[in-house]
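**Q** Pasting a structure here, questions to come.
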Amino acid sequence: MWQYVLVLAALVGVGTVQGQAVTKGVTQGQVLGPWWNSAVYYRILVDSFKDTNSDGLGDLQGVTKQLSYVRALGADAVILSPIVARSTDCAKPGTLDISDLDQRYGNLEDFNGLLNKAKKLELKVVITLPLQTISAASEWFTSSVDKVVGYEDRILWKDGTSENPPPIEDGTAWTWDEGRSAYWAAKNGEAVLNMCSEGIMASLSSAQCAWIRRGVSGVLLNPDFPQDQRCAERLLTKMAAEAISCARAANSELPVILAETSLSPEQTARYYSEGGLGANSVISNAFTSPSRRSGPELALDFYGAILFAPQDMTPTWVTSTLSESRTATRYGSDVVDAVNLLALTLPGSVIIQQGDELGAADTILEWAATNSCWPSAMVASSAPFPWDDSANGGFSAGEPWMPLAPNYRYANAKTEFANDFSHIGVVKIAAAMRKSPAVGPQADIKRLGNAIAILRWGGAGSLLVVSNMARDHTEAQLFRIPGLPPEMTVAASSGGSSLSTGTHFNTEKALKLAPGETILLAGPPRHCGGPGPVDRIANKLSEGWQKLNKYFSNM
């Protein structure tokens, strides 16, 4: 199949371009931008990616060993889950030191080895820094309890008496501390940081700088602070400014700042750096809803994320989040290709969550032999990555810290890499096509009945993805998209699709789609002067003038 894809790529002018064009809205002109404007990220849960020392937990050497797999998918960068020093005390879970590496994953020599391997593979490395909570065993917490100067307000405290605890709000509980005679805010047993504290802002910025000096290409942050969102915005602004200053002092490239949030696109628009300093991109949750949604609902989410972003800036789409179920479990295995193809065609960047390229399912937590709290709490979507169909999925020679997903015998990297028509095969094709001049700077998002269509045009060719996310069959009338080439070729299709790769499709015909069925079509450039409504009006006016001229000439 790859031979065919190369021929198809040549026909539509596929190649590699520097500075991928960025689109904003439907008709905005081409704007060149930095690498992160159109990057394909692969987010790695280090705990569950690859174990090399047989202790059952993933480690940095495991990530380094398998980085070639990430590059082969077509990724430009990896995002590492938090690897900062964490408490081993189950009674006091959470981060101990955000600037230090947790030795459970390896040492700084292992981390440098990862960075060197990534550089050879032309992969960027982005690290996730936890901002919202800290362990009650940390120096920050104990110093705040003792009211050490500069630490007094680093934890979110509330006055009261031991007999009258404040009510639980937004998942925040309140725990009495005898030493300070006050309540501290806790989430999942971890102390909530006070993001309005100047000391916290300075310390978090300093910790971020330590990682930038080590050589990372950026950070992923979640600055949400429900108690006062303005403080979250100020924190992000300060951290962005410090990141730039730190990178310049280290004589390194400017780092990317990705903001992950649970807030609405309208609220999170203030995280961007328009007219100042802030996030380079905000991660959209359009694909992470707990249930499947129709084409119109998805289209609204796509437009909301795009239109609330500032001029010349684009959102980052994520297939799943670390705390929620994977795509296959959340929506069903028939929608895995749909989510991946849509995400890889939308303007902006995309994060492929570890395992979503396989259609890997969540594990069954009841299968776990233990319920250890460290290094992180067990979440069903955190199942170890299945590299093959062996007893432990090739993840570890020891007993994995979590049970593997029930579908790993066939949803694993070895099996799917050998099949060009697998979920991985679809991701590889879409990731390759999005880097070509065929993916122009313009993007149209259309509703075609219950289907959703995304057209990328304005380049050497045009790419169109049409997806039926609904649970019923539907028909998509492609002629409703003005200027489409009369014939396009199937570059990739979801599993079980009636249209196989290489099929030529007449765009004047209705495209019949089964539930979850998704088609990626490639063709020649869009004809902007083609059969659109403006052209039909112009033709009618021309016919009218001809009739008038003929009438007057006969008088």
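The values are calculated or read from the model by the stated rules, or taken from the named source; none is laboratory data. None of these values were measured; they are calculated from a predicted model. As a convention, Cβ positions derive from the backbone with ideal geometry for all residues, glycine included, and neighbour counts pool all protein chains shown. SASA here: full protein model, heavy atoms, side chains in, ligands and nucleic acids out. Shrake-Rupley method; radii C 1.70, N 1.55, O 1.52, S 1.80 Å.
**Q** Applying the Karplus parametrisation 6.51 cos²θ - 1.76 cosθ + 1.60 with θ = phi - 60° to the phi angles of region 453-460, what ³J(HN,Hα) value in whole Hz is obtained for each residue in order, glycine and proline being reported as x?
**A** Once θ is set to phi - 60°, the couplings for region 453-460 become 10, 10, 10, 9, 8, x, x, 6 Hz.
**Q** Express in nm, to one decimal, how much length is gained between residue 475 and residue 107 on full extension, taking 0.36 nm for each residue of separation and deducting their alpha carbon distance.
**A** That works out to 127.0 nm of additional length.
**Q** Using only alpha carbon positions, build the gyration tensor of region 187-226, then give the equivalent ellipsoid semi-axes as the square roots of 5 times its eigenvalues, largest first, whole angstrom.
**A** Semi-axes (√(5λ), whole Å): 22, 13, 9.
**Q** Can you compute the FRET efficiency between residue 188 and residue 116 using 1/(1 + (r/R0)^6), with r the Cβ-Cβ distance and R0 = 30 Å? Round to the nearest 0.05.
**A** 0.25
**Q** For residue 148 and residue 267, FRET efficiency with R0 = 30 Å and r from the beta-carbon atoms, rounded to 0.05?
**A** Efficiency at R0 = 30 Å is approximately 0.30.
**Q** Put +1 on the Cβ of every Lys and Arg and -1 on every Asp and Glu Cβ in the chain; which of 52, 39, 192 then has its Cα farthest towards the positive end of the dipole?
**A** 39
**Q** If you don't mind, there's one more thing I want to ask. Using a 1.4 Å probe on the protein heavy atoms, what percent of the accessible area of the chain belongs to carbon and sulfur?
**A** Within the chain, the accessible surface is 52 percent carbon and sulfur.
**Q** Would you check the accessible area of residue 90, probe 1.4 Å, heavy atoms only, in square angstrom rounded to 10?
**A** The accessible area of residue 90 comes to roughly 80 Å².
**Q** Please work out the C-alpha center-to-center distance from region 472-523 to region 443-460 and express it in whole Å.
**A** If you average the Cα positions of each part, the centres end up 12 Å apart.
**Q** Add -39500 (n - 2.57) for each DSSP H run of 4 or more in the chain, then divide by its residues: what number comes out at 222 nm, to the nearest 500 deg cm²/dmol?
**A** Taking each H run of at least 4 residues, the total per residue is -8000 deg cm²/dmol.
**Q** Before I look further, what does the chain give for accessible area per residue, probe 1.4 Å, in whole square angstrom?
**A** 42 Å²
**Q** Counting only DSSP beta bridges with both residues in the chain, what percent are antiparallel, rounded to the nearest 5?
**A** Counting only bridges with both partners in the chain, antiparallel ones make up about 65 percent.
**Q** Relative to the longest principal axis of the C-alpha atoms of the chain, give the angle of the C-alpha long axis of helix 108-120, reported between 0 and 90° and rounded to the nearest 10°.
**A** 10 degrees
**Q** For an R0 of 35 angstrom, estimate the FRET efficiency from the Cβ-Cβ distance between residue 176 and residue 368 and round to the nearest 0.05.
**A** E between residue 176 and residue 368, to the nearest 0.05, is 0.60.
**Q** May I pose another question? In nm, what is the difference between 0.36 nm times the number of residues separating residue 230 and residue 508 and their Cα-Cα distance?
**A** Full extension of this stretch gives 94.9 nm more.
**Q** I've got another one for you. Looking at region 130-208, I'd like the Rg to Rh ratio, where Rg is from alpha-carbon atoms and Rh is Kirkwood's inverse mean 1/r.
**A** The Rg/Rh ratio comes out at 0.95.
**Q** Could the peptides 301-314, 163-176 be put in order, highest first, of the mean number of other beta-carbon atoms found within 10 Å of their residues?
**A** Result, highest mean first: 301-314, 163-176.
**Q** How far is it, in nm, from the label point at residue 527 to the one at residue 164 when both lie 7 Å from their Cα along the line to the Cβ?
**A** 7.7 nm
**Q** On to the next question. What number, in nm² with one decimal, is the all-direction average of the projected area of the convex hull of the alpha-carbon atoms of the chain?
**A** 30.0 nm²
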